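Down below is the structure, laid out as structure tokens.
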């Protein structure tokens with residue numbers, strides 16, 4: 001009986017079976033709860049709204065944390081149904097260290113930390129940043145966000161190479177501009193790290209309110225703009241191609257599943 005209950009809980013929380021109405025209802029409820037929590041975090045920064053509804057915000061936060069805590073415990077308890085986490089202790093440790101489980105933990109961690117350290121105001125202010133992690137929790141319930149995460153995971157090697165190229169070009173361009181413009185504009189290009197910020201703004205075509213003044217500096221600055229646009233476009237093109245491939249892959253999987261169902265229905 002216990003094993004069947006654990007299996008059913010795991011199916012509800014982790015399964016993506018579209019025919020499971022209970023799992024779909026739980027998924028929609030949790031998705032709505034996460035969206036409302038993100039909205040609450042945003043509205044709390046509006047002083048007039050927060051001051052007028054302070055108790056309501058706190059009550060909603062407490063209820064949400066209780067629900068998220070129960071969800072986290074149930075996921076951790078039922079995860080050994082999956083063969084990947086079948087070992088009672090180490091299997092749960094592996095499950096707890098997965099990215100989605102860490103996000104779940106970071107969502108509820110700030111509240112329990114404030115209960116342990118109620119007077120540590122510096123800790124409280126720093127932990128409030130973790131409330132934004134609730135937005136990442138959407139990826140667990142949204143297939144679209146899961147697709148994006150799968151694309152990033154599949155293209156991680158190519159993305160690493162492109163960001164390495166961006167970093168190399170950023171350091172190179174910052175160093176060149178610093179040596180060319182430091183004497184002419186020491187207040188704007190005081191050192192290479194400060195020049196890196198100018199290079200980032202220039203490479204992304206955002207720009208700043210000061211520019212190279214020396215002739216060679218202007219030529220190099222123009223090249224930085226042209227090459228910077230092409231360099232920063234690399235991750236975008238990689239993600240776009242990966243996203244198209246992932247969509248095609250999922251369409252093929254859906255077709256195979258649909259064909260399998262038709263064969264089952266037409267069978268003896």
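Among all positions in segment 47-66, there is at least one residue which is within 13 Å of residue 107 (Cβ to Cβ) and surrounded by fewer than 16 Cβ atoms within 10 Å (Cβ to Cβ).
Being under 25 Å from the mean Cα position of the chain (by Cα) and either within 27 Å of residue 153 (Cα to Cα) or exposed (fewer than 15 other Cβ atoms within 10 Å of the Cβ) (or both) is the requirement here; does residue 44 meet it? Spelling it out, it is not the case that residue 44 is under 25 Å from the mean Cα position of the chain (by Cα) and either within 27 Å of residue 153 (Cα to Cα) or exposed (fewer than 15 other Cβ atoms within 10 Å of the Cβ) (or both). It is to be established whether one or more residues within segment 88-95 are surrounded by 14 or more Cβ atoms within 10 Å (Cβ to Cβ), assigned by TED's automatic domain parsing to the domain that holds residue 72, modelled with pLDDT of 75 or more and under 21 Å from residue 67 (Cα atoms). So far as segment 88-95 goes, yes, one or more of its residues are surrounded by 14 or more Cβ atoms within 10 Å (Cβ to Cβ), assigned by TED's automatic domain parsing to the domain that holds residue 72, modelled with pLDDT of 75 or more and under 21 Å from residue 67 (Cα atoms). What do you reckon, is residue 122 out of contact with any helix residue (DSSP H, G or I) (no Cβ under 7 Å at 6 or more places or on another chain), at pLDDT below 80 and either closer than 30 Å to residue 251 by Cα or in the same structural domain as residue 9 (by TED's automatic domain parsing) (or both)? Answer is yes for this residue. Determine if segment 200-209 includes at least one residue that is touching a helix residue (DSSP H, G or I) at 6+ places or on another chain (Cβ under 6 Å) and part of a helix (DSSP H, G or I). Checking segment 200-209: at least one residue is touching a helix residue (DSSP H, G or I) at 6+ places or on another chain (Cβ under 6 Å) and part of a helix (DSSP H, G or I).
The helices (runs of 4 or more DSSP H) found wholly in segment 33-116 and carrying at least 2 residues that are under 26 Å from residue 146 (Cβ atoms) and touching a residue at least 40 places away in the same chain (Cβ under 8 Å) occupy 54-78, 99-116.
Can residue 29 be described as more than 21 Å from the chain's Cα centre (by Cα), under 27 Å from residue 110 (Cβ atoms) and assigned to a helix (DSSP H, G or I)? If you could, list the steps in order and put the result at the bottom.
Working: more than 21 Å from the chain's Cα centre (by Cα): no; under 27 Å from residue 110 (Cβ atoms): yes; assigned to a helix (DSSP H, G or I): yes.
No: the conditions fail for residue 29.
The values are calculated or read from the model by the stated rules, or taken from the named source; none is laboratory data. Nothing here was measured: the structure is a model prediction, and the numbers come from that model. All Cβ positions, even for glycine, are placed from backbone atoms using ideal geometry, and neighbour counts span all protein chains on display.
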